[in-house]
Amino acid sequence: MTAPETIAERMAKDVIEQPVRHEVTRDLWTDDFNVNIGPQHPSTHGVLRLVVTLDGEVVKKVQPYCGYLHRSIEKISENRTLLQLVCFSDRVDYVAAMNANLAVCLAGEKIAGIEVPERGQYIRVIMAELNRIASHLLWFGDFGLNLGAGTPFFYAFREREQVINLFEEVCGNRLTYNYIRPGGVAFDLPEKWVERCQSFLDYFLTKLPEYHRLVTNNPIFQVRTRGIGVVTREEALNWGLSGPSLRGSGVDFDVRRDDPYEVYANLKFRVPLGTRGDTFERYLCRMMEMESSVDIIRQCLEKLPGAQGGHAKKVSMLARIPANREVLVRTEAPRGEMSVYMCSGTGGPKPWRVKYRTASFANLAALDQLSRGYKIADLMAIFGSLDVVIPEIDR
Amino acid sequence: MDIAALLASEWAQLALYAVAGFVLLNVMLGIVTFLVLMERKVSGWMQVRLGPMEIGPWGILVTVADAIKLMTKQDVVPRHVDRFVFRLAPALIALPPLIAVSLVPFGKNLIFADTSVALLLVLALTSLTSMAILMAGWGSNNKYSLLGGVRSAAQDLSYEVALIFAALGPVMLAGSLSLQDIVKAQGGVWFVFLQPLGFILFLIAGIAELNRTPFDIPEAESEIVAGYHTEYSGMRFALFFMAEYANMFLVSCIVATLFLGGWQGPVLPGVLWFVLKVFAVIFVIMWVRWTFPRFRVDQLMTFGWKVLVPLGLLNILLTGGVMLLV
């Protein structure tokens, strides 16, 4: 990595430079046995079932079973108008509902040819990045829990709470926002919200070093994550990993920068990269992403154009979708690439087909390959480092 | 038969022991109850929250409420378990710390049983805990429990040796295995200043012996749910829980006795000094728990055999060498 620019890099500098030592020794063999981890288990973050084949403590095979949280969101969306189907996207990824809102709205706008005022676009980016911070904070806490550290969770939630409060001020909701709508956003920013957001960002940057002191620089955390679950560049590409899990392996790709949507093209931000692709680098990538999100939000707050009330273009409840069109939009959600495919069929107010491509599904698929030969404890660390959100897998 | 003769008789001695044992048992239960509350409060403060606040003033009655809840719960014995072992394990696990605490010198004259091999007996009793854990893990007939039980056995093998090596330093300095003699030998300087390495080794190995974070591998929640006590609920679970805190108190007592001068100290009465030291050690153990992530099973064994045991041997060598020279 280049000269330290971010808090994460500065705090973790020594760690990055240390050589990695990891050896898996297997001199003894015992009979294999299967363990069902989940659907109810403390570290499966919801209802995921992993059937793990173990040789003593060593993982020989991991078979994820999904479908416990399938709610037919894609099918339901076929019977809803463009405005109605947005609220279902909240439930696709409830940890980063704004990002899911944004993805489905972009698809709807593209297929129906709806323009969004610039102010609306900036507000959308602010919300998406704030939600990325909130999502990464939740992941940070959960990752700590997976490694047996309970305290980071509470620290992360202290800050996440403030992001949620900002969202609540804007749209009244704390988890599923339904805020970003076709044509813009549901409501304009309330009075003094920009100042409050700015003071949160300043506060947040003072709290980040605390996380690194507590977790990143902890020697036990380092031996538990460094050199564990290594994904090479080629493997990451072949398995279709995306987001920080891809960039941790050194693949320099971020949809926000390389295929920009909304106003990302006007913004300057850093895309953090790893080199080795181990659990620690994926962790560090996410920690650095929070800082680049802060950068993005600051720029957006500065540039925020237009007057109060110019946040959206009115879109009719029954906005028609022209016939025989299909679109695919890609967005960078906190977990990786979230694309929405929409097909209009014969036209009318409802789309004929809506399909979400979510990052968690592809990232989870790599879990088996990633964790073979490691211990059960490593399996949990690797699983945590992929940042899988179960409803996003099942939809 | 006159009263003096009656008091001096063996029966009177036995009755005295029974009363003392009863008192000690109740004191231990009180301490365990308090430690659970303390753990919750300490973890709360470390995690920017208040901890329990609802039951009783400042939440101090929360463990009482917990105890009532656990005692009134249905006693569930799953159908597929090895019934005898399953039922025996919780009873066995609570015993060793309760026996061992009677060997701890709380004050100059406040000791329930002082033998010349007290330290050896205490260390032997604490290692019985892992036997009960293995029984619980095996008897539960559950894969998580079995993994937890086997992990505990492996862990105890790795750390028992280091624990004993670290305890040998003060024994060599005091020239006795009696805990009371070891305390008396620290009238001038506490052994923590003469044995800093031994103190740290003993504390680390002690935490590992207690199965607490960063060594809580036998009950690693995020990996094997609750490890060896996955299948236990109600009062049987409460016994495991109590044993953990009773063991924590015991290990802290041993640390205070071997290294921190036990009841020795100026001005304040000896018992108070002892309690202060014990709770300081307990606080450190809790502090570590809420700060550190968990080791992996093989890393823990590597740490035990390749770091703690050689350092323990080195400590003995240094102590012996210095004692020869001085």
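The values are calculated or read from the model by the stated rules, or taken from the named source; none is laboratory data. Predicted model, so just to flag it, every value in this text is computed and none were measured. Cβ atoms come from the backbone with ideal geometry, glycine included; neighbour counts cover every protein chain shown. Note: areas computed on protein heavy atoms with side chains; ligands, DNA, RNA excluded. Shrake-Rupley method; radii C 1.70, N 1.55, O 1.52, S 1.80 Å.
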Fill in: Charged-residue dipole, Cβ positions (Lys, Arg, Asp, Glu), chain B about Cα centre, Debye nearest 20
520 debye
Fill in: the stretch A:166-281, accessible area per residue, ligands and nucleic acids excluded (1.4 Å, Å²)
38 Å²
Worksheet item: Considering only DSSP states other than H, G, I, E and B, which trypsin sites (Lys or Arg not before Pro) in the stretch B:23-82 qualify as loop sites with at most 11 other Cβ atoms within 10 Å?
Response: B:ARG79
Fill in: Segment B:SER116-B:LYS73, extension gain: residue separation times 0.36 nm, minus the distance between their alpha carbons
11.1 nm
Worksheet item: For the pair B:LEU197 and B:ALA280, how long in nm is the line joining their label points, each one 7 Å along Cα→Cβ?
Response: 2.4 nm
Worksheet item: Based on DSSP H assignment, which helices of chain A show an axial Cα extent of at least 27 Å together with a mean Kyte-Doolittle hydropathy greater than or equal to 0.0?
Response: A:118-146
Worksheet entry | Built amide H within the under 5 Å cut-off of B:ASN141, gap 5+ | B:ASP82
Worksheet item: Farthest toward the dipole's positive end in chain B, which of B:VAL288, B:THR129, B:LEU173, given Cβ charges of +1 (Lys, Arg) and -1 (Asp, Glu) about the Cα centre?
Response: B:VAL288
Worksheet, complete the sentence: Expected unfolding gain across A:ALA307-A:ARG233 under the 0.36 nm per residue rule, minus the alpha-carbon gap, is 22.1 nm
Practice prompt. Hydropathy first: keep DSSP H helices in chain B averaging at least 1.0 on Kyte-Doolittle, then drop any whose Cα extent along the axis falls short of 18 Å, and list what survives.
Written response: B:10-46, B:83-100, B:118-139, B:196-209, B:234-258, B:270-289, B:309-325
Item to complete: Work from the charge dipole of the protein assembly as shown (Cβ charges, +1 for Lys and Arg, -1 for Asp and Glu, about the Cα centre) and give the residue of A:MET380, A:PHE253, A:TYR177 farthest towards its positive end.
Response: A:TYR177
Worksheet entry | Charged-residue dipole, Cβ positions (Lys, Arg, Asp, Glu), the stretch A:51-97 about Cα centre, Debye nearest 20 | 140 debye
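What number comes out for the charge environment of B:SER140, summing +1 per Lys or Arg and -1 per Asp or Glu over other residues with Cβ under 13 Å away?
+2
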Item to complete: Report the calculated FRET efficiency for A:LEU205 and A:ARG71 (r = Cβ-Cβ distance, R0 = 45 Å), to the nearest 0.05.
Response: 0.75
Item to complete: Note the buried accessible area between A and B here, summed over both chains, with a 1.4 Å probe, in Å² to the nearest 100.
Response: 2500 Å²
Worksheet entry | Tail beyond 37 Å, pair distance distribution of chain B (Cα, percent) | 19 percent
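Taking all protein chains together and a probe of 1.4 Å, list B:ASP82, A:ASP188 from the most accessible to the least accessible.
Solvent-accessible surface, decreasing: B:ASP82, A:ASP188.
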Practice prompt. Would you work out what percent of the accessible area of the protein assembly as shown, with all protein chains in place, is carbon or sulfur (probe 1.4 Å)?
Written response: 63 percent
Worksheet, complete the sentence: Full extension between A:ASP295 and A:ARG270 adds, at 0.36 nm per residue less the Cα distance, a length in nm of 8.1 nm
Worksheet, complete the sentence: Note on chain B: contact order normalised by length, alpha-carbon pairs under 8 Å, 6 or more apart, percent, works out to 22 percent
Worksheet, complete the sentence: Here the residues of the stretch A:151-190 whose accessible area is at least 10 Å² smaller with all protein chains than in the chain alone (probe 1.4 Å) are A:THR151, A:PHE154, A:TYR155, A:ARG158
Practice prompt. For the stretch B:296-319, state which residues have at least 10 Å² less accessible area in the presence of all protein chains than in their chain by itself, taking the probe as 1.4 Å and leaving out ligands, DNA and RNA.
Written response: B:ARG296, B:VAL297, B:ASP298, B:GLN299
Response to the item:
In the stretch B:1-101, the GluC sites (Glu not before Pro) that sit in a DSSP loop and have at most 14 other Cβ atoms within 10 Å of their own Cβ are B:GLU54
Worksheet, complete the sentence: With label points set 7 Å from each Cα along the Cα-to-Cβ direction at B:VAL23 and A:GLN63, the distance between them in nm comes to 6.3 nm
Discussion item. Using the Cα centre of the stretch B:1-139 as the reference point, and only Cβ charges (+1 on K/R, -1 on D/E), how large is the resulting charge dipole? Debye, rounded to the nearest 20.
Written reply: 540 debye
Fill in: Euclidean distance of C-alpha centroids, the stretch B:206-230 and the stretch A:328-343, integer Å
41 Å
Worksheet item: Under 16 Å Cα-Cα from A:LYS61, which lysines qualify once same-chain neighbours fewer than 8 residues away are excluded?
Response: A:LYS375
Fill in: Cleavage-rule hits, GluC sites (Glu not before Pro), the stretch A:173-277, DSSP coil, Cβ neighbours within 10 Å at most 15
A:GLU191
Worksheet entry | Dipole of the stretch A:7-394 [Lys/Arg +1, Asp/Glu -1 at C-beta], most positive-end residue of A:GLY46, A:MET342, A:CYS197 | A:MET342
Discussion item. As a test of reading the structure, rank B:LEU325, B:LEU163 by solvent-accessible area (1.4 Å probe, protein chains only), most first.
Written reply: B:LEU325, B:LEU163
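So what's the back-of-envelope 222 nm ellipticity for chain A, counting only DSSP H runs of four-plus at -39500 (n - 2.57) apiece and dividing by all residues, rounded to 500? Provide the component values of the computation, followed by the final result.
Values: 17 runs with 180 residues, N = 395.
Roughly -13500 deg cm²/dmol at 222 nm, from the helical runs in chain A.
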